[in-house]
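Inspection log for the structure reproduced underneath, given as structure tokens.
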Amino acid sequence: MQTWLPRLSQHLMWSAVALLVYVLSTRMRRERRPPAAAIAWVLGLALLPYLALPLYLLFGQRKLKVAQQSRPAAVKADAHWAAALLGSFGIEPPSPAQVRFHADGERSRESLWECIEQARTQLDVCTFLIGDDSFGSDIIERLERQARRGVRVRLLLDGFGAWLTPRRSLRALKKSGAEVAIFRPLFRGRRMGPRNLRNHRKMVIADGTRMWAGGRNLAAEYFVGRDGRPPWIDLTFDVTGNVAAVAAQQFEADWSAARGTSGGPVHVGAEPVTGALVQFLPSGPDQVEDTAQALLVDGCFRARHRLLAVTPYFLPDDNLRTAMRLAVRRGVRITLVLPEISNHRLTDFVRNRALRELTEAGADIRLVAGMVHAKAVVIDETLGLCGSINLDRRSLLLNYECAVLFYGAEHIAWLARWIDALASQGAVFKSKPPGLMRDLVEGLLLAIAFEL
């Protein structure tokens, strides 16, 4: 008894300290966490404080301190509900743009090459990774060529994705005069901060006037295929107009955060263009609110007859899952398209609880053979969304993401036709009651899925 009592007291002391750190840090940062994530952290800190406390200090922070609170943007009285909502978060209002979608990898590659070649003064590239393949080598060569021509070339890579990018490619790029920055490197001592915040934004911006963006990383599997396999099903687009200048401002902020410097103004020579309205949507820890999450939840309640969505990974939090279920209950047709087997098998296993719930409510869920990596949403005939945002907790609540909202009827109709056509190729998801063991494992994994 004298042996284990001191050990128990020591364990209780560490548990109390760990829980105090959690409570104080959460209160000071005013962080709102999904209930499952909060419960998982509290249980871990109470039962295994020696392991959970270091993990919490490294990975537990969800929102960063915003240097300057975003002021609500001026919104017209008759503005679309999405523009009004995002305007209240300080996001730039919609503006006219010329838009082209690329469902085909070859077409997307051609547009990407055009965007790179058309840059005359500055070329900004933000991507999660560059592939160790012929496509990645081609990208590097084109960026090198532009840098040697005198174009200021900047490449921003995520800290995790940088490990998947060949070092020789980055060295060659720097040698040509281009600049390279790594966003939150995993194993670098300076500028310590939470290491689970990943930059998942994908955009290439030429002179602040034209942008190529969407779901594709710069690797062969997204464009031309690899090892004899066809390319993944994905979506990108290019836009010309003020939206590219807004995206350039976001890139400047990300670049400054990665370099630890203060961002400067972005000078662009964009000429006014005509076209349907589009709006740049940034989402992530650098925003005061969870912008994409708020938009999707609001969209579920405002939808009148249809909500179409395609995503590679489906792990919504309780708020979005409830909003989607209630939308189905009141008669909204929800069509959700997923890959039958994605490149992350763990998410395929865990997603089934949410899929069963939606199917039982009446949603139409389709599983497509082959890897589907596209991310798009259509709400009625009034709003379309396409970009890097997956419908999972990490993407909506942790990652730095971006998308473009489309308000024009032609663009919305294109996205709707594409999602419907893809859904027609998929098999209907059939809900089956889980066994006891599967139900327990799903619950356990869902408790930690927010941080993974």
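The values are calculated or read from the model by the stated rules, or taken from the named source; none is laboratory data. Being a predicted model, the structure only gives us computed values, none of them experimental. Reconstructed Cβ throughout: ideal geometry from the backbone, glycine too, with neighbour counts over all protein chains shown.
Looking across ARG171, ARG210, ARG149, one residue alone is touching a Gly at 6+ places or on another chain (Cβ under 9 Å) and of a type in the set (D, E, K, R). It is ARG210. What number of residues in segment 362-379 are outside any loop (DSSP other than H, G, I, E, B) and either out of contact with any helix residue (DSSP H, G or I) (no Cβ under 9 Å at 6 or more places or on another chain) or not charged (D, E, K, R) (or both)? Residues that pass the stated criteria total 8.
Just for segment 74-127: of the residues that are more than 23 Å from the chain's Cα centre (by Cα) and among the small types (Gly, Ala, Ser), which one is farthest from ASP238 (Cα to Cα)? Looking at residues that are more than 23 Å from the chain's Cα centre (by Cα) and among the small types (Gly, Ala, Ser), I get ALA77.
Taking segment 287-312 as the region of interest, how many residues are in contact with a Gly (Cβ under 9 Å, 6 or more places away or on another chain) and part of a helix (DSSP H, G or I)? Final tally of qualifying residues: 2.
Quick grid of which residues meet (1) assigned to a strand (DSSP E or B); (2) within 25 Å of ASP238 (Cα to Cα); (3) in the same structural domain as ALA213 (by TED's automatic domain parsing):
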site: ASN343; (1), (2), (3): no, no, no
site: THR347; (1), (2), (3): no, no, no
site: GLU401; (1), (2), (3): yes, yes, no
site: HIS411; (1), (2), (3): no, yes, no
site: ALA416; (1), (2), (3): no, yes, no
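Determine if segment 313-331 includes at least one residue that is over 26 Å from ARG100 (Cβ atoms), within 22 Å of the chain's Cα centre (by Cα) and either in a strand (DSSP E or B) or not assigned by TED's automatic domain parsing to the domain that holds ALA409 (or both). Reasoning before the result, please.
Filtering segment 313-331 down to residues over 26 Å from ARG100 (Cβ atoms) leaves 313-331.
Keeping just the survivors that are within 22 Å of the chain's Cα centre (by Cα) gives 313-324.
Filter once more, so that each one left must be either in a strand (DSSP E or B) or not assigned by TED's automatic domain parsing to the domain that holds ALA409 (or both): 314-315.
Yes, some residue in segment 313-331 is over 26 Å from ARG100 (Cβ atoms), within 22 Å of the chain's Cα centre (by Cα) and either in a strand (DSSP E or B) or not assigned by TED's automatic domain parsing to the domain that holds ALA409 (or both).
Return yes or no: is THR359 surrounded by fewer than 24 Cβ atoms within 10 Å (Cβ to Cβ), modelled with pLDDT of 95 or more, outside any loop (DSSP other than H, G, I, E, B) and out of contact with any helix residue (DSSP H, G or I) (no Cβ under 6 Å at 6 or more places or on another chain)? So THR359 passes the test. Among the residues of segment 405-445, those that are surrounded by 15 or more Cβ atoms within 10 Å (Cβ to Cβ) and under 28 Å from ALA247 (Cβ atoms) comprise LEU405, PHE406, TYR407, GLY408, HIS411, ILE412, TRP414, LEU415, ALA416, TRP418, ILE419, LEU422. Output yes when any residue across segment 380-398 is assigned to a loop (DSSP other than H, G, I, E, B) and either at positive phi or basic (Lys, Arg) (or both), and no when none is. Checked against the condition, which is being assigned to a loop (DSSP other than H, G, I, E, B) and either at positive phi or basic (Lys, Arg) (or both), segment 380-398 yields at least one hit. Scanning segment 211-241 for residues that are part of a helix (DSSP H, G or I) and surrounded by 23 or more Cβ atoms within 10 Å (Cβ to Cβ) yields a total of 1. A search for C-beta distances below 7 Å between a residue of segment 210-226 that is in the same structural domain as GLN118 (by TED's automatic domain parsing) and any residue that is assigned to a loop (DSSP other than H, G, I, E, B) and polar (S, T, N, Q), counting only pairs 6+ apart in sequence or on different chains, returns GLY215/SER388.
Checked against (1) in a loop (DSSP other than H, G, I, E, B); (2) over 23 Å from the mean Cα position of the chain (by Cα); (3) of a type in the set (S, T, N, Q), ASN196 passes all but condition (2).
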